[in-house]
Amino acid sequence: MKYGEVARTSWSWVLDQLRWDDDGPWISEYAGDERPNEYRDSMHHGIGGLAHALAEIRLTRPWTSLEQDLAGAIGDRIRTTIPATTEKTFFTGLVSSIGVLTALGQPGTDAALARLQELATSNGWPASFLDEPRYQPGAVANDLTLGTGAILLGSLWALRHSRNATDPPDRAVEHAGRAVKHAERAVELAGRAVELLVGEREEVASGVNWQFVSRRFRSDEPTEMPNFSHGLAGIAAVLALAGVELDRPDLVDLARRGAEHLVTIGITDEQGPPGDPARPWGFRVPRVIPWAERHGDEFTYNWCHGGAGTAVAFGALEYAGVPSIAGATPTTWRRRCLDSVRYSGIPERLHPGFWDNDGRCCGTAGVGDVFLDAWHRDEDQRDLEFAVRMGDTLVEHAYPEGYWRFVEHRDEDPLLRPGVGWMQGAAGISAYLFRLQRAVDGDQRAVERMENWWVSR
C-alpha cells in the first residue's frame, strides 16, 4: 500500500494549500505564495488541475464532502471566467477549461467552444506569448498544447463528450437537442483548426512538417521542438485523431506523412536491448533542432519533449489505422519509443541536468502514466514493472509532508520550492500514485483525458 499511502499524504498536503477568496478557490504555483497568479484557473498549475486529480481519486474512493464542494466550486469558477477568457491553450486557457469541466462531468464546454469561435482571426488564434520583434503581430502557434493543435484537440474531445453524454430519461429530448448543437459547434471549430493546420504544413522530401510557429510569422530562423508537446509529433497525432473522429481519411494520410518525416529526424537504434539483441527497438527524437550546448541534453525521455510523449503520438496513428510508417507499423514505432525510455537510465539522475523532475509534464510521474497506459493496451508485464519503478522513485523522493522538490542544477540553491498543481506539482504526482496503487492491486481502470484517451483504453 506504499503508493496509496504516499498519495493520500500528498493529496492532503495539496488540500492544505487550498485557499479561498471572493472569486472562489485557488492554489499557488509553489507552496508559500500569498496570492494567486495570473493562471489561477489553469490545468497546468491552477485549480483546474485539481479537477483532474479529483477524477483520478473518484476511481479510487468516493469523494469526501470537502472534495464534492471543491469540485462544484472549481466548475462554478471556470464557467464564470469563460466569457472573458482570452487565453486559449491546453495548459492555461479555454481548451484547459474544456478538459476541466469534462473531468468533473459538469456543463460549460459549449460556452468554451463558442468563446473560441469568437476569438478566431483569419490566421487562427493569436498567441499572447509570441512577442515582437521576433514574431509578427498576430502570430499563431501550430502545436498541440499552445497552438492550433490545441484547439483541434479540445474540439475533438468536446465532440466525443457530446456523443457520449447521458441525461436522465425525463430530460432525454432536451439533452438530444443540446448534444446536436454542441456537436455541430465542435465540428465547426475542429474543421477550422484542421483547415489552418493543413495550410501551415511544410512539404519536405521525406513527408510534411510543421514548425512550432510558421516561418511567415517569424523574423528569425525557426528552432524546432519536434516531440509531442510543441512540435511535429503532437500535430501529426491530433490530425490522425481528427481523421477518425471527422471521417477524413485525407487527414490520416497527412498525419502519416508527418510521421514519415518524424522518423527521419530521429535516431533508430539497430542493435536490440540488453539480453535481446535481435529485437528491433529504440527510437528517439532530439529535444531541439538544431541542438546547441545551451539546450542541455540533446535527448530527453519525458511526456512533453521526449520518448514517452512521442510514444503517445504513434499511438494516435495506431488508433487511426495507419498500416505502415517508413516500413514499420505504428505499434512498432510506439514500442521503440518506450524501449528508448526504458533503457535511457531514467529515473536515475545520471549527471547534473539529467532527470531532475518528478512531475507529469517533464518527469517521472508523466512517464509512469504513459507506461501504465501501455500496459493496459498491450498487457506487457515489463510496462507495469517500469511504471512501478517510477512509483518507487516517487516514493523515495517524497518529503514526509507529502510534496516533492525538483532540481535546477544551474542555481546556487538547486532545490526548487514544492509545486502544488497538476503538471508540475504534488496534485499530479499524487494522482499517478493513486492510479499505480489501483493497478498493482489488479484494478486496470484508467481516467480518460483529452491528451491520452486513444492510448488509455
For the peptides 334-340, 36-42, 287-293, 109-115, what is the packing order when you average, over each peptide's residues, the other Cβ atoms within 10 Å and list the highest mean first? 334-340, 109-115, 36-42, 287-293
Counting Lys and Arg as +1 and Asp and Glu as -1 over every other residue whose Cβ sits under 9 Å from the Cβ of Pro414, the net charge comes to -4
(i) 24.1; (ii) 23.3; (iii) 22.2, with the label sought being that of the calculated Kirkwood radius over Cα pairs in Å: (iii)
Rounded to the nearest Å, what's the spacing between the alpha carbon centres of region 390-440 and region 179-248? Just the number, please. 32
Lys181 accessible area, nearest 10 Å², 1.4 Å probe? 120
I'd like to check one number: the per residue accessible area of the chain, probe 1.4 Å, reported in Å² as a whole number. 40
Separation in nanometres of the label points that stand 7 Å from Cα toward Cβ, at Arg216 and Glu202: 1.5
Using only DSSP helix segments of four residues or longer, with each worth -39500 (n - 2.57), what per-residue ellipticity at 222 nm results for the chain after dividing by its residue count and rounding to 500? -15500 deg cm²/dmol
Show me the three semi-axes of the equivalent ellipsoid for region 113-159, from the C-alpha gyration tensor (sqrt of 5 times each eigenvalue), largest first, rounded to whole Å. 21, 12, 7
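The values are calculated or read from the model by the stated rules, or taken from the named source; none is laboratory data. This is a predicted model, so every value here is computed, not measured. FYI the Cβ positions are ideal-geometry reconstructions off the backbone, even for glycines, and counts take in every protein chain you see. We work out accessible area using only protein heavy atoms, side chains counted, and drop any ligands, DNA or RNA first. Shrake-Rupley method; radii C 1.70, N 1.55, O 1.52, S 1.80 Å.
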